[in-house]
Amino acid sequence: MGFQHGLSGLNAASRNLSVIGNNIANSNTVGFKSSRAEFADLYANSIASGGRQSIGLGVSVAAVSQQFASGNITATNNPMDVAISGGGFFRVSDQGAISYTRNGQFQVDKGGYIVTNGGARLTGYPVDAVGNLTPGVTSDLRLSTSDLSPKTTSTIGVVMNLDSRKTPPVGAFSTTDAATYNNATSMSIYDSQGNAHALSLYFVKGATANTWNVHATLNGTAVGAGAIGTLTYNTDGTLDTATSATPYNLTLPLTNGASFNGPVPLDFNTATQFGSAFGVNAINQDGYSAGKLMGIAIDGDGTVMGRYSNGQLKAQGQIALATFSNPQGLSPLGANTWVESSASGAALVGTPGTSGTGLLQSGAVEESNVDLTQELVGMITAQRTYQANAQTIKTEDQILQTLVNLR
């Protein structure tokens, strides 16, 4: 029986060495999950042998199980690299065949789809025509390369301070004579075709205390006849909204065939008048010109944002992650992918950061979780085990040889 024991030990040690060798070979494979050989003893049991001492028949490899502990996350210079910080798998589709991976080295193919190195398409939640995410059924994520449509300016807000120490200028207001106004500022606003127009604002200290007259021009042409309104301040420097009638609704005529969507409100509600220098802290307007797609960014929740030449961001989709009741039940396909099986259970698909899934980190990859030190020590142990089992067979052979030589 010693031959069988030794032979089973040799087979088990050989398979263990194969598992260790595979782990070491993939120590630099992004998203790789190490495996380990799990052993079980062998006995020939029968009803009659119950309760008696019995010698086992050796050892067998009961299972080779993958270890899904997370690997270290390493930053890269590629915004298309994505690492999962926590649980979950990327869900990819190869002509409708669904598989799962932890390798987040993605790229964009000629059709605009986000794909793996093997060409499988990353799946997630698409967006509608205006860029709103539509969670529900997943589909292949595809980047739209069309221009971002312009948006007409529909509201303007100015956050600023007017210097209360100023005195009223002398003479009638004129945009060409800086002595007839105290301060001025300008901004770009956008019409229905995305054309930029220069809106200039001029502030003239009034003869009445704590009042300022506001004048405006669009592309150098006066807006309205005279001042568009008067800002009246309280004694503490805050705006008297009861008498200032802000926001002012500006009618901005155009001659280029475009238009604004009716009068544009100009809001000064946060403008102050303190004894400090004039300053514009912020100009808020919601319009923008048309833009071309310049790149993408991926948020922690998986939202893929398109970055456009006009400075705008627009959602292009959201990456979906999948979790399993028993990840070790997944069937490996190679190329860092797995498919679900009856042992793993059905995939639970959701957004990153929910239902046990981790958050995503763009510009980073998850390294292999192979511990080289542990694997090399395990290799030495497996080698010693193999040698010891070989010695068992050698010893059994010597005993049989002695028996044959008896006379």
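The values are calculated or read from the model by the stated rules, or taken from the named source; none is laboratory data. Source: prediction; values computed, not measured. Note that each Cβ is placed from the backbone with ideal geometry, even for glycine, and that neighbours are counted across all protein chains shown. Calculation scope for accessible area: heavy atoms of the full protein, side chains included, ligands and nucleic acids excluded. Shrake-Rupley method; radii C 1.70, N 1.55, O 1.52, S 1.80 Å.
Using just the Cα positions, wrap the chain in a convex hull and report its mean projected area in square nanometres, one decimal place.
Details: hull surface 137.1 nm².
Seen from a random direction, the Cα hull of the chain projects 34.3 nm² on average.
Quick query: amide H of ASP163 versus all other amide H atoms, modeled in the peptide plane; which residues come in under 5 Å with a sequence gap of 5 or more or a different chain?
Placed amide hydrogens put PHE278 under 5 Å from ASP163.
What nm distance separates the two modelled labels at ALA343 and ALA75, each placed 7 Å from Cα along Cα→Cβ?
4.0
Can you compute the charge dipole magnitude of the chain about its Cα centre, using +1 on each Lys and Arg Cβ and -1 on each Asp and Glu Cβ, nothing else charged? Give it in debye, rounded to the nearest 20.
On the way: 19 positive and 24 negative charges, 137 e Å.
About 660 debye.
Just how far, in whole angstrom, is the stretch 298-334 from the stretch 337-407 if you go by their alpha carbon centroids?
31
Hey, how many Å between the Cα centroid of the stretch 22-38 and the Cα centroid of the stretch 251-283?
Here the answer is 62 Å between Cα centres.
How high is the relative contact order of the stretch 84-196, in percent, counting Cα pairs under 8 Å that sit 6 or more residues apart? Before the final figure, lay out the partial values.
On the way: 136 pairs, mean separation 19.0, N = 113.
Across the stretch 84-196, relative contact order equals 17 percent.
Calculate the all-directions average of the projected area of the stretch 210-359's alpha-carbon convex hull, and give it in nm².
Working: hull surface 67.5 nm².
Here the figure is 16.9 nm², rounded to one decimal.
What full-extension length gain, to one decimal in nm, is calculated for LYS151 and ASN269 as 0.36 nm per residue of separation minus the Cα-Cα distance?
Here the segment from LYS151 to ASN269 would lengthen by 40.1 nm.
Sorted from largest down, what three extents in whole angstroms do the Cα atoms of the stretch 190-239 have along their principal axes?
Extents along the principal axes: 44, 21, 11 Å.
In terms of modelled amide H atoms, which long-range or inter-chain residues lie less than 5 Å from the amide H of GLY229?
Residues meeting the amide H criterion: VAL214.
Can you compute 3J(HN,Hα) from phi for each residue in the stretch 21-38, using the Karplus curve 6.51 cos²θ - 1.76 cosθ + 1.60 with θ = phi - 60°, rounded to whole Hz and x for Gly and Pro?
For the stretch 21-38, the Karplus curve yields x, 5, 4, 5, 4, 9, 5, 10, 7, 4, x, 6, 10, 5, 10, 9, 7, 10 Hz.
Let me check against my output: what whole-number percent is the relative contact order of the stretch 252-339, with C-alpha pairs under 8 Å and at least 6 apart? Present the calculation step by step, with values, prior to reporting the outcome.
Working: 70 pairs, mean separation 12.2, N = 88.
Averaging sequence separation for qualifying contacts and normalising by length gives 14 percent for the stretch 252-339.
If packing is taken as the average count of other Cβ atoms within 10 Å, what order do 283-296, 111-124 fall into, highest mean first? Walk me through the numbers before you get to the answer.
Numbers: 283-296: 16.4, 111-124: 19.0.
Descending packing order for the listed peptides: 111-124, 283-296.
Considering amide H positions built from the backbone, and no H for Pro or chain starts, which residues 5 or more places from THR76, or on another chain, come under 5 Å of its amide H?
ALA364, VAL365
Please work out how many pairs of lysine residues in the chain are eight or more positions apart (or on different chains) and have Cα atoms closer than 28 angstrom.
Taking the Cα cut-off of 28 Å, the pair count is 6.
When you count, for each residue, the other Cβ atoms within 10 Å and take the mean per peptide, how do 218-229, 304-315, 129-140 rank with the highest first? The partial results should precede the final answer.
On the way: 218-229: 14.2, 304-315: 17.6, 129-140: 12.6.
Result, highest mean Cβ count within 10 Å first: 304-315, 218-229, 129-140.
With all protein chains present, calculate the accessible area of GLU340 using a 1.4 Å probe and round the result to the nearest 10 Å².
Roll a 1.4 Å probe over it and GLU340 shows about 80 Å².
Let's test the formula: R0 of 30 Å, r as the Cβ-Cβ distance of PHE173 and ASP240. What FRET efficiency results, to the nearest 0.05? Mind dumping the intermediate values first?
On the way: r = 22 Å, r/R0 = 0.74.
Plugging the Cβ-Cβ distance into 1/(1 + (r/R0)^6) gives 0.85.
Compute, for ASP301, the solvent-accessible surface of its heavy atoms (probe 1.4 Å) with the complete set of protein chains present, and express it in square angstrom to the nearest 10.
My reading of the accessible area for ASP301 is about 60 Å².
Given a Förster distance of 30 Å, report the FRET efficiency between SER325 and THR29 from their Cβ-Cβ distance, rounded to the nearest 0.05.
On the way: r = 26 Å, r/R0 = 0.86.
The calculated FRET efficiency here is 0.70.
Using alpha-carbon pairs under 8 Å, 6+ residues apart, how would you state the relative contact order of the stretch 231-296 in percent? It would help to have the intermediate numbers written out before the result.
Working: 55 pairs, mean separation 19.4, N = 66.
Across the stretch 231-296, relative contact order equals 29 percent.
For the stretch 91-220, what is the charge dipole size about the Cα centre, in debye to the nearest 20, if Lys and Arg each add +1 at the Cβ and Asp and Glu each add -1 at the Cβ? All intermediate terms of the calculation are to be shown ahead of the outcome.
Values: 9 positive and 8 negative charges, 62 e Å.
Once rounded to the nearest 20, the dipole reads 300 debye.
Of the options PRO126, PRO247, PRO169, report the single residue whose Cα projects farthest towards the positive end of the charge dipole of the chain (beta-carbon charges: Lys, Arg +1; Asp, Glu -1).
PRO126
Sort 98-104, 16-22 by packing, meaning the average of other beta carbons within 10 Å per residue, with the highest value first.
Values: 98-104: 22.4, 16-22: 18.3.
Averaged packing, sorted descending, gives the order 98-104, 16-22.
Give the accessible surface of the chain per residue, rounded to a whole number of Å², with probe radius 1.4 Å and ligands, DNA and RNA excluded. Write down the numbers at each step before the final one.
On the way: 21010 Å² over 407 residues.
Result: 52 Å² of accessible area for each residue.
Quick one: with all protein chains in place, what share of the accessible area of the stretch 239-363 is carbon or sulfur, to the nearest percent (1.4 Å probe)? Show your work: numbers first, answer last.
Details: 3050 of 5910 Å².
Heavy-atom surface of the stretch 239-363 belonging to carbon and sulfur, 1.4 Å probe: 52 percent.
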